[in-house]
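Student: Here it is, the structure, as structure tokens.
The values are calculated or read from the model by the stated rules, or taken from the named source; none is laboratory data. Only a predicted model underlies this, so the values are computations on that prediction, with no experimental measurement involved. We place every Cβ from the backbone using ideal geometry, glycine too, and count neighbours over all the protein chains shown. Accessible surface is based on the protein model in full, side chains and every heavy atom, while ligands, DNA and RNA are left aside. Shrake-Rupley method; radii C 1.70, N 1.55, O 1.52, S 1.80 Å.
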Amino acid sequence: MAKEILHVKDLKVEVEEKEILHGLSLSANEGEVHVIMGPNGAGKSTLGYSLMGHPSYIKTGGNISFLGEDITDEPTDKIAKRGMFLSFQNPVEVPGITLSNFIRNALEQRTGKHVRVWDFNKKLEATMSILQMDKDYAMRDLNVGFSGGEKKKAEILQLLLLAPSLAILDETDSGLDVDAVRTVSQGIEEYKKQVNGALLIITHSTKILEALSVDKVHVLVDGRIVAEGGSELVDEINKSGFERYIS
């Protein structure tokens, strides 16, 4: 029986005293790919930030279990060290720290072990090759001057090197051209090969899903999951949109 990675039960979340999630429940097992779809403003990104313990997203009910432990009230740094990863819809620029140093420091925090520079650089270069990234980006400040596509590739690079048990990808395909989406999809498939973790892909589009095998789709509208199904649900939404789910 597959190990349960994430279990969310009756989660309620508010932002600036307004409730955004209204008793949301879902679970994901190792090796599974789950997709959260819904129109803009449905609460998809709120779910991602809430799982990662963002302090602006106040949990007022329910609980979150990750790898069998309750993390409902855990801070973001502890959740990340446990092995949860969130890629941002709009990755921020961080002047003063290179992409290489950022990932190596994060890996040391994640594992609690010193990472030898030579070994790390060898793996970094090999992983960048998979993502068709110019190796010079490793020595550039994190996301500074990166194109939208390179920022998203840098996020997937972090995903592959940190090897989290749960990866939450928030609108990873947003603003990407067809070639960049294909490259990011290849990176996600590589993660699935290397790590028997769970993927939670948050999107209102379906571009990134075309090259992936999806186990379960959750349709989120107005802070509630209103429908669940397999990959056939993606095809239905492609044809008809979300109109039938919006009351």
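Student: Mind checking whether some residue in the range 69-83 is on the phi > 0 side of the Ramachandran plot and surrounded by fewer than 17 Cβ atoms within 10 Å (Cβ to Cβ)?
Tutor: So far as the range 69-83 goes, no, none of its residues is on the phi > 0 side of the Ramachandran plot and surrounded by fewer than 17 Cβ atoms within 10 Å (Cβ to Cβ).
Student: Tell me, please, whether a residue that is buried (at least 17 other Cβ atoms within 10 Å of the Cβ), within 29 Å of SER240 (Cβ to Cβ) and of a type in the set (S, T, N, Q) can be found in the range 13-25.
Tutor: no
Student: Being touching a residue at least 60 places away in the same chain (Cβ under 8 Å) and assigned to a strand (DSSP E or B) is the filter here, so list the residues in the range 75-97 that pass it.
Tutor: Within the range 75-97, MET84, PHE85, LEU86, SER87 qualify.
Student: Only one residue in GLY41, GLY23, GLY31 is at positive phi and either of a type in the set (Val, Ile, Thr) or touching a helix residue (DSSP H, G or I) at 6+ places or on another chain (Cβ under 9 Å) (or both), so which one is that?
Tutor: Result of the check over GLY41, GLY23, GLY31: GLY31.
Student: Can you name every residue in the range 148-184 that is on the phi > 0 side of the Ramachandran plot and of a type in the set (Asp, Glu)?
Tutor: GLU171
Student: Of everything in the range 56-74, what is hydroxyl-bearing (Ser, Thr, Tyr), in a strand (DSSP E or B) and closer than 20 Å to ALA28 by Cα? Give them in sequence order. Spell out the reasoning first.
Tutor: Keep residues of the range 56-74 that are hydroxyl-bearing (Ser, Thr, Tyr), which gives 56-57, 60, 65, 72.
In the following step, the residues that additionally are in a strand (DSSP E or B) were identified as 60, 65.
Scanning the range 56-74 gives a single hit, SER65.
Student: I've got another one for you. If you take the residues of the range 99-135 that are assigned to a helix (DSSP H, G or I) and among the basic types (Lys, Arg), which of them is nearest to ALA154 (Cα to Cα)?
Tutor: LYS135
Student: Related question: Within the range 158-188, can you find the residues that are modelled with pLDDT under 90 and closer than 23 Å to ASP119 by Cα?
Tutor: GLY187, ILE188
Student: How about the range 91-112: which of its residues are more than 13 Å from LEU162 (Cα to Cα) and either among the β-branched types (Val, Ile, Thr) or loosely packed, with under 12 Cβ neighbours inside 10 Å (or both)?
Tutor: Listed by number, the residues that qualify are VAL92, GLU93, VAL94, PRO95, GLY96, ILE97, THR98.
Student: Let me ask something else. Report whether or not LYS135 is open to solvent by 70 Å² or more (accessible area, probe 1.4 Å), under 21 Å from ALA180 (Cα atoms) and in contact with a helix residue (DSSP H, G or I) (Cβ under 9 Å, 6 or more places away or on another chain).
Tutor: It is true that LYS135 is open to solvent by 70 Å² or more (accessible area, probe 1.4 Å), under 21 Å from ALA180 (Cα atoms) and in contact with a helix residue (DSSP H, G or I) (Cβ under 9 Å, 6 or more places away or on another chain).
Student: What pairs can you find where one residue is in the range 17-43 and free of Cβ contacts under 8 Å to residues at least 40 places away in the same chain and under 12 Å from LEU166 (Cβ atoms), the other is among the acidic types (Asp, Glu) and part of a strand (DSSP E or B), and their Cβ atoms are less than 9 Å apart, with a gap of 6+ or different chains?
Tutor: Here the result reads SER27/GLU4, each pair linking the range 17-43 to a residue that is among the acidic types (Asp, Glu) and part of a strand (DSSP E or B).
Student: Would a scan of the range 185-205 turn up a residue that is at positive phi and without any contact (Cβ under 8 Å) to a residue 12 or more places away in the chain? Steps first, please.
Tutor: Start the filter on the range 185-205 by keeping residues that are at positive phi, which leaves none.
No, the range 185-205 contains no residue that is at positive phi and without any contact (Cβ under 8 Å) to a residue 12 or more places away in the chain.
Student: Evaluate the following for ALA2: is it open to solvent by less than 10 Å² (accessible area, probe 1.4 Å) and within 30 Å of GLU210 (Cβ to Cβ)?
Tutor: When the stated conditions are applied, ALA2 does not pass them.
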